[in-house]
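Scroll down for the structure; my scribbles are underneath it.
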Amino acid sequence: MKITDLITWFEEWANPTWSESWDNCGWQIEPGVLQDEARVLVCLTPTLAVMQEAIAFKANLIFAHHPLIFNPPKSLRSGEAIAEMARLAFTHNIGVYSAHTNFDQVQDGTADVLAQILELQEVTPIVPTQAGLGYGRVGMLKPFLSLQDLLTTIQNRLAPPNLIFSPTADLQQTISRVAVLGGSGASFISAVVKTNAQAYLTSDCKFHQFQESRDRDLILIDAGHYATERPACDRLVQKFNSLNLDWVQLSQKDEDFRQFLL
């Protein structure tokens with residue numbers, strides 16, 4: 001399959017026009033590879049380490065969740081990350097394409113995959129955007145779990161380096177309804193409360209957002225940005241594999257950008 005056909009297929013599923021106004025989805029760098037047979041390296045964040053990996057594997061497309069360019073750069077100078085990415089992309093004929101808030105909303109996107117990992121039932125979006133799509137997912141645990149068992153399940157299935165959750169007096173309380181949203185989801189706390197979820201799995205939550213959730217009787221669970229979004233990248237690889245591409249692989253050079261002392 002040619003790169004242009006792969007992008008057409010993807011955009012019919014997760015249209016870039018659905019992305020938020022502040023976002024930058026779609027082509028980040030296109031050095032003239034549209035007619036090439038697709039050799040795709042999928043990653044969460046396009047970095048120089050991922051670019052070097054793509055060069056080593058002779059990939060011609062880095063397909064990323066996070067955009068390489070959020071704000072228009074005023075200059076491109078040697079030694080700067082975006083400039084180096086652009087230089088290497090044009091030197092080695094490697095395109096960089098990003099699917100961000102459009103990919104967050106769709107079936108088998110970032111939130112939907114999290115809901116599947118926790119085996120949530122009767123799932124609906126936290127914030128619907130159009131028929132059947134939207135930000136986040138909320139659903140029922142069947143069977144119900146204790147909070148302790150829910151935390152253990154999240155730790156085992158997502159393997160976050162650090163799992164943070166709201167203070168609670170009873171780890172044995174029964175949890176039946178859970179909301180999930182991959183990446184930075186603290187701004188959705190008010191919307192989650194309206195869904196009657198008892199627990200909310202997301203990431204990048206601040207001190208006072210844990211306080212707000214506690215005060216609103218919502219258990220906030222922060223598993224980290226990487227751990228909550230990386231599984232959707234793996235799902236994307238599976239989908240691309242079904243298209244019989246020449247080559248596709250999940251990046252092994254993606255970075256969490258954080259380390260924790262044990």
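Restricting to Cα atoms and excluding each atom paired with itself, what does the Kirkwood estimate give for the stretch 5-146 in Å?
Details: mean 1/r = 0.0604 Å⁻¹.
One over the average 1/r among Cα pairs gives 16.6 Å for the stretch 5-146.
Report the Rg/Rh value for the chain, based on alpha-carbon coordinates and the Kirkwood definition of Rh.
Numbers: Rg = 19.2 Å, Rh = 19.2 Å.
Value, to two decimals: 1.00.
Per-residue counts of other Cβ atoms within 10 Å, averaged by peptide: what ranking do you get for 38-47, 8-17, highest first?
On the way: 38-47: 24.8, 8-17: 14.8.
Peptide ranking by packing, descending: 38-47, 8-17.
List the chymotrypsin sites (Phe, Trp or Tyr not before Pro) in the stretch 149-211 that DSSP assigns to loop (not H, G, I, E or B) and whose Cβ has at most 15 other Cβ atoms within 10 Å. Which are they?
Working: sites: PHE165, PHE188, TYR200, PHE207, PHE210; in loops: none.
Answer by residue number: there is no such site.
In debye, nearest 20: dipole of the chain around its Cα centre with unit charges on the Cβ of K, R (+) and D, E (-)?
Values: 19 positive and 29 negative charges, 47 e Å.
The calculation lands at about 220 debye.
With no solvent and one equal point scatterer per Cα, compute the Debye intensity ratio I(q)/I(0) for the stretch 154-208 at 0.15 Å⁻¹ and report its log10, rounded to two decimals.
-0.47
About its Cα centre, how strong a charge dipole does the stretch 106-226 have in debye, to the nearest 20, once Lys and Arg get +1 and Asp and Glu get -1 at the Cβ?
Details: 8 positive and 11 negative charges, 20 e Å.
For this selection, approximately 100 debye.
To the nearest 20 Debye, how big is the dipole of the stretch 145-213 about its Cα centre, given +1 on the beta carbon of each Lys and Arg and -1 on that of each Asp and Glu?
Details: 4 positive and 4 negative charges, 30 e Å.
My answer is approximately 140 debye.
Among the GluC sites (Glu not before Pro) within the stretch 46-114, which fall in a DSSP loop and have no more than 13 other Cβ atoms within 10 Å of their own Cβ? Display every interim value, and only then the final one.
Values: sites: GLU53, GLU80, GLU84; in loops: GLU80.
Listed in order of number, the matching sites are GLU80.
Could you work out the mean projected area of the convex hull around the alpha carbons of the stretch 106-226, in square nanometres to one decimal?
Values: hull surface 26.5 nm².
That works out to 6.6 nm², a quarter of the Cα hull's surface.
What ranking, highest mean first, results for peptides 250-260, 19-29 when packing means the other Cβ atoms within 10 Å averaged over each residue?
On the way: 250-260: 14.4, 19-29: 16.0.
So the peptides 250-260, 19-29, ranked by packing, come out 19-29, 250-260.
Placing +1 on the Cβ of each Lys and Arg and -1 on the Cβ of each Asp and Glu in the stretch 3-143, which of PHE10, PHE63, ILE117 has its Cα farthest towards the positive end of the resulting dipole?
It is PHE63, whose Cα lies furthest towards the positive end.
So for each of 150-157, 237-244 I average, over its residues, the number of other beta carbons within 10 Å; can you give me the resulting order with the highest mean first? Display every interim value, and only then the final one.
Values: 150-157: 16.5, 237-244: 13.2.
Packing proxy ranking, top to bottom: 150-157, 237-244.
May I ask which residue of SER203, PHE90, ASN241 lies farthest towards the positive end of the charge dipole of the chain, with charges of +1 (Lys, Arg) and -1 (Asp, Glu) on Cβ and the Cα centre as origin?
SER203
None of the figures in this text is laboratory data; all of them are computed from the coordinates on show. This is a predicted model, so every value here is computed, not measured. Because the Cβ atoms are built from the backbone with ideal geometry, glycine has one as well, and the counts that use them run over all protein chains shown.
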